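The values are calculated or read from the model by the stated rules, or taken from the named source; none is laboratory data. Quantities reported herein were computed from a predicted structural model and do not represent experimental measurements. No Cβ is skipped: glycine too gets one built from the backbone with ideal geometry, and neighbour counts run over all protein chains shown. SASA here: full protein model, heavy atoms, side chains in, ligands and nucleic acids out. Shrake-Rupley method; radii C 1.70, N 1.55, O 1.52, S 1.80 Å.
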Amino acid sequence: MTQTTTKNDQFKVRLTPTRANDFLCPADKQQAFLWDSTCKGLAVRAIASGNNAYIHPGKLDGKLIRTTIGSTKAWTIDDARIEARRLQALLDTGTDPRQAKIDRIEAKQRSDAEKKRQRVTLGDVWPEYIDVKKGRWSELSLLDHQRAIQAPNQPMKRTNRLTVAGPLFELLDCPLNQLDSDRIKAWLEKESATRATSTARCFRLLRGCINWCNESKLYKGLIPEGAHQNKEVRAAVPKVGTKDDCLQREMLSTWFAAANALPNLVMGTYLQIMVLTGARREEMLELKWSDVDFKWKSMTLSNKADKADFDALHKDEATRDIPLTPYIAFLLNQLPRRNQWVFSSLTSSKGVISDPNDALTELCKAAELPHTTLHGLRRTFETQSEWVDCPLGIVAQITGHKPSGTAEKHYKRRPLDLLRKWHKKIEKWFLKQTEIKFKEKNAPAPLRLVA
């Protein structure tokens, strides 16, 4: 091997892979260098461990800068020479190769992060959006956001049927940068053809998520500007009017007769009590026997207020007590006590009745009455209560509506006895219209659970 000795005891040879890998560090030294005679600034450094590497030493502003190119086993000699020349070119222009490497790595990281950001979908951000915002929502509002994206064909909790895809489910795979006005408009037109009300509600939920994304540092700028504000998009949002389904006075007799004739005693009782209390669907479904006090004539319901009512109600009002009126107590005493739930079921996985909407729809159809929803039963209670000139604040407190006016919000909290006075009047009026023969003194004593 031809080699040249310098004054620094460094050898210059034409490097080959064999020479680079076989070069050894003398036993009396910590490192040794073998320089390439054909490429300025390229050398092989050998250390005692035997791991040889290509290096490039150079000067910048009079200071020695030594850059490790890589292992002699990983780099070819030709690639090492190309890299050495590149490093020398950087030094010649006054650039520190080490800083250039850091900048290059950071640039790649930014590029990779942006590519990843561009792939973010609505399905990625929706759970995060819920997690951030849920503290300000009511339980029902949170449930609306969860149902909006529910997957199809999943087992339902209270029935053996499978779930239907939520209105927003088909948008979950859509990257945010493709969620433009055309995409939203097409979604609105498709979904509103079969479920206009749900689509309109889910559009409002989507709009809130888009606004949150536009204010987020992580997702800002991803969604095309004005995606949900485009005139064509707003025109495609279904126009849903105020619902006014309600049982009229002359319908009550037929409706109650049909409810009492239902083969499912528990379902018939549930529907009647919904009319007689104006409770929300879930509030009554979640009623437990421990929530019913036959001695002191009261029921404790969980407040399932919507967002408007939730914001106005006191935060500590997780429950509310309403009177247990005579006819309601009579109805409850007829029910079997299978488990903790008042409206129990032997077929439901949770042990409580399911699909009250379906039962109500069939009841109205069989009785040849206009279609009425469960919320329509709530509306019936509030509407028909006016026949006994019941104060609006009494009705609002029984049904769990938000207080109206300063006095109602901050001062009036009527005791149960006062609510009972008016609630019994309302119940008597209903019974008179329905021609149900019931006398309080004939009501049986509460049933006891027999093991």
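List of remarks:
- In terms of distances greater than 32 angstrom between alpha carbons, the cross-link table entries K185/K220; K134/K428; K157/K217 yield K134/K428; K157/K217.
- Net dipole in debye of the chain [+1 Lys, Arg Cβ; -1 Asp, Glu Cβ; about Cα centre; nearest 20]: 720
- Nearby lysines by direct alpha-carbon distance to K12 (threshold 29 angstrom, same-chain neighbours under 8 apart not counted): K29, K40, K59, K63, K73, K101
- Cut-off under 5 Å, modelled amide H: who pairs with G70 long-range: Y54
- Length gained when the stretch D291-R117 is fully extended (0.36 nm per residue, less Cα-Cα span): 57.6 nm
- Subtracting the Cα-Cα distance of K365 and K40 from 0.36 nm times their residue separation leaves 107.5 nm of extension gain.
- Carbon + sulfur, % of accessible area of the chain - ligands and nucleic acids excluded, 1.4 Å: 51
- Between E435 and N333, the simple label model (points 7 Å from Cα in the Cβ direction) yields a spacing of 2.6 nm.
- The modelled label-to-label distance between L416 and L142, using points 7 Å beyond Cα along the C-beta direction, is 2.7 nm.
- Relative contact order %, the range 1-117, counting alpha carbon pairs below 8 Å whose residues are six or more apart: 17
- Rounded accessible area per residue of the chain, 1.4 Å, Å²: 57
- The calculated 222 nm mean residue ellipticity attributable to helices in the chain amounts to -13500 deg cm²/dmol, summing -39500 (n - 2.57) over DSSP H runs of n ≥ 4 and dividing by all residues.
- D244 paired with Q178, simple spin-label distance in nm, labels 7 Å along Cα-to-beta-carbon: 4.5
- Label-reachable residues, the range 33-67, where backbone N falls under 14 Å from a point 7 Å from R14's Cα toward its Cβ: 36-39
- Net charge contributed by nearby residues that have their C-beta within less than 13 Å of D180 (K/R +1, D/E -1): -1
- Placing a label point 7 Å from the Cα of E128 along the Cα-to-Cβ direction, the residues of the range 197-227 with a backbone N closer than 19 Å are 206-225.
- Nonlocal amide H pairs with S298, under 5 Å, H built at 1.01 Å: D293, L324
- 5 angstrom amide H check on T121, placed H, neighbours 5+ away: L176
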